[in-house]
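Here's the structure, in structure tokens; my notes come after.
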Amino acid sequence: MLLRFHFLTVILVIGGLLVSNVHAIQTEPTPEIIARGKILYDRSCIFCHGVQGKGDGPAAFFGASYWAPRASDFTVGQYKFRSTASGKSHTDEDLFRIITNGVPGYMPPFVGWPEEDRWHVVSYVKTLHSTNSRHNEKPLETFQIGTQNVPLTVESIEQGRQVYFKFECDACHGHNARGDVPDFEAQDLKDNLGMPIRPTDLDLTNPYSFKNGAAAHDIFGTLMTGLIGTPMPSYADAFAQHEDDAWHLVHYILSLSQGSGP
Amino acid sequence: MDQFRPLVLGSLVTVFAIAVSSFPSPPEAQAIPAYARKYKVNCTVCHTRPPRLNTFGERFLENGYQMPGTEDGGIVGKKQLGDLTLDDVTNYLAFRLRGNFLRNFNFARKSPGPDVPGNPEDRTDFGWPETFQLFTGGTLTTNVGFFVDVTHDLPAGNTDIARGYFSLNNLGFHNLAHLRIGKFDPSAYSSFPLLRQQLDFVRPDVNSGVLDRIPLASNAFAAKFFGLFERDGTPIAPFRASLFHSPNEVGIDVHGRPFGDWFLYQVGILNGANETFGDSNNPKDWYVMVRLDQAESDLFSANISGFAYFGNNNAKVALNNSDVSWSQYGVSATVRYKMVDLYGAYVIDRVTDLPQALASGFDTTASGVTVEADVLATDRLLLSIRYDHLDAGGFLAQRKSNSLLALQAKYYLRTNIALFIRDDFNLRKAEGGVSPARNFRNAFLVGADLIF
């Protein structure tokens, strides 16, 4: 028993070392890479995200002056657009994806940059996390989207519509999913900076407005992870035993845009 | 008429207030003119509010419509210009419609005769739009950009390629040199570009060829002299934007930030003031500008620029006389903090090579100041104030200085659709109709500015 325990520990430690080694390659790139990332960041990102990445660049307040979203604060080390479970750390790919695609409405896409440059900036952005937030970094837990067993059918869409109302998505996103909620002012939705936030920004019938991606698996991811710092909750627990319902919901959301997706 | 005016104004303010209060929600995410559509972002990513640029937008412009710091050719997707589709055309085309629905002017008319004091007049008229602008611009490929602005001036009834140029960017190494060639606005990269202010140019009143009332324009950028002529004999209106601050001159210029973000240089050479294609006199006009920037502070940026424009036989003082050289020097600066945008310019104009015979009756130095502050009071409401002062030059017998103050409230239904009310008034004592520069008392304007 004891032996077995030790054996397990050894395996875990070695495994851990291996994993953290792989991790180290990602998180601790060479000083040259970080220096290159900084040059690019200072030329392009600084105007919105600020010198130290606090989201306080000189152009930050003009983007959405009295409303969310302000440019992200990287020092917190917590990201809104993730492929990992709620409360968990982001992956480098998450940052890479946002830099590549931008955020509809608020941040331009940097897809025209060479891929290498985008990765260099990712490395640099991570150096902006405060030491405190680096300590708190939780282990990566990439969300398992799994295989999608639910076929896209009229019935599935109808079931999704029912889930939409059952989970009261309409309370925030409106009856028609366009975000016009009659008593919206009363709801007083705010993001974590205390800035008023509107799901109108997000017309669920317009896939171009999706910040976290508009493909089926992206929307599934959004539902499961939620958007940290905003009122959009994670539904991972709610769907834990009913993953099919989540896919129905995804199908319903996709059907709203009638295939006009990007 | 005098009793009528407060009534009209009162009811308009009320209508405006109702309009304002019935849209309490924030502007929606809107992808608007060409670049905004192309990158799927709001105009406020590049503009404080159009047409003013924020610090990010300035760098995007300087880099030839490519993301700052890169040479990405403005690429946003797989499609390139080679297989341009109709869908893509909207990534290159945009238009702007603007003008005043209602104009109420209080001034003393000059038209009874050039030397007869006119009667104070209170004139109200309607008209919208006054300007239709169609513009297209972007990148053709890496480091090659273009811009064309076709403007139709409805009251004047003319259509003009206001600006049209090619740009070659990042010559040598990144941000060393960006070349513009064509018809462009020289002041585009300075701390206070002519075409980036919230208070729009307001046309003069002209009655059977007599200038009754001056236009409302920024005095720092004006021609400033009374009694100057273009080389072909066309009189140069003292309030027309000119030289470094002309909206469109033909030539070549180069700018860049070779040492980093803190320093920008620009040098250019033009056919000459108001010389479109061809150059009636061979000597060219040329200019240099340097600008210092601080953009690495929290929620704050500031910059200051100084320029010198050297004119070379580019005007006349009296028709039969030889050419004079008309030059311009100045400084301008911008300070932005949070949602406040403060900017101003002080410009001195000088005429040299004046014929001896005219020397005693002609002031060869003139100057102008324009200072504007814009504040976003809410996400939808932009308040602006502008001060203008002109120390006029030219024939002593004709020249008139003036000082004006303008206030404007601009309300954004969306980030691309705005209504505004504006009032301009003369800070000095208004005079009779003898000089249109000083007969102006007050203007009240209600208008709209749409950009798609």
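Throughout, read-outs are computed from the coordinates displayed, never taken from laboratory work. This one's a predicted model, so the numbers in the text were calculated from it and none came from an experiment. Virtual Cβ from ideal backbone geometry, glycine too; neighbours counted across all protein chains shown.
Quick one: putting +1 on the C-beta of Lys and Arg, -1 on the C-beta of Asp and Glu, what dipole do you get for region B:2-451 around its Cα centre, in Debye to the nearest 20?
The calculated dipole for region B:2-451 is roughly 640 debye.
To the nearest 0.05, what FRET efficiency results for residue B:154 and residue A:30 with a Förster distance of 56 Å applied to their C-beta separation?
0.40
Once phi is turned into θ = phi - 60°, what whole-Hz ³J(HN,Hα) does the Karplus curve with 6.51, -1.76 and 1.60 give for every residue of region A:106-114, x standing for Gly and Pro?
10, 9, x, x, 10, 5, x, 6, x
Per DSSP H run of at least 4 residues, take -39500 (n - 2.57); add these up for chain B, divide by its residues and hand me the 222 nm value, nearest 500 deg cm²/dmol.
Taking each H run of at least 4 residues, the total per residue is -2000 deg cm²/dmol.
What full-extension length gain, to one decimal in nm, is calculated for residue B:144 and residue B:425 as 0.36 nm per residue of separation minus the Cα-Cα distance?
Working it through step by step, the gained length comes to 96.7 nm.
Can you give the net charge of the other residues whose Cβ lies under 13 Å from the Cβ of residue B:385, counting K and R as +1 and D and E as -1?
Net charge in that neighbourhood comes out at -3.
Filter the cross-link list A:38/B:183; B:40/B:338; B:38/B:224; A:54/B:40; A:211/B:338 down to pairs whose alpha-carbon distance in this structure exceeds 30 Å.
Pairs exceeding the cut-off: A:38/B:183; B:38/B:224.
Which log10 I(q)/I(0) values does region A:31-136 give at q = 0.14 Å⁻¹ under the Debye formula, counting every alpha carbon as one identical point scatterer?
Per q value, in the given order, log10 I(q)/I(0) is -0.52.
How would you classify region B:163-247 from its alpha-carbon gyration tensor, with a ≥ b ≥ c the square roots of the eigenvalues: rounded for a/c under 1.5, else prolate if a/b is greater than b/c, otherwise oblate?
Prolate, since a/c reaches 1.5 and a/b exceeds b/c.
Compute the longest continuous run of chain B that contains no exposed trypsin sites (Lys or Arg not before Pro); treat a site as exposed when its DSSP state is not H, G, I, E or B and it has at most 10 other Cβ atoms within 10 Å.
B:79-428
Once both labels are modelled 7 Å past Cα along the beta-carbon direction, what's the residue B:173-residue B:340 spacing in nm?
Distance between label points: 3.9 nm.
With point charges of +1 on the Cβ of Lys and Arg and -1 on the Cβ of Asp and Glu, referenced to the Cα centre of region A:31-136, which listed residue (A:39, A:52, A:96) lies farthest in the positive direction of the dipole?
Result: A:52.
Peptide A:117-128: average number of partner chain Cβ atoms within 10 Å per residue?
Mean partner-chain Cβ count within 10 Å for A:117-128: 0.
Points 7 angstrom from Cα along the Cβ direction at residue A:192 and residue B:405: gap in nanometres?
4.7
Could you tally the net charge around residue A:65, taking each other residue with its Cβ under 10 Å from the Cβ of residue A:65, Lys/Arg +1 and Asp/Glu -1?
Neighbour charge sum, excluding residue A:65 itself: +3.
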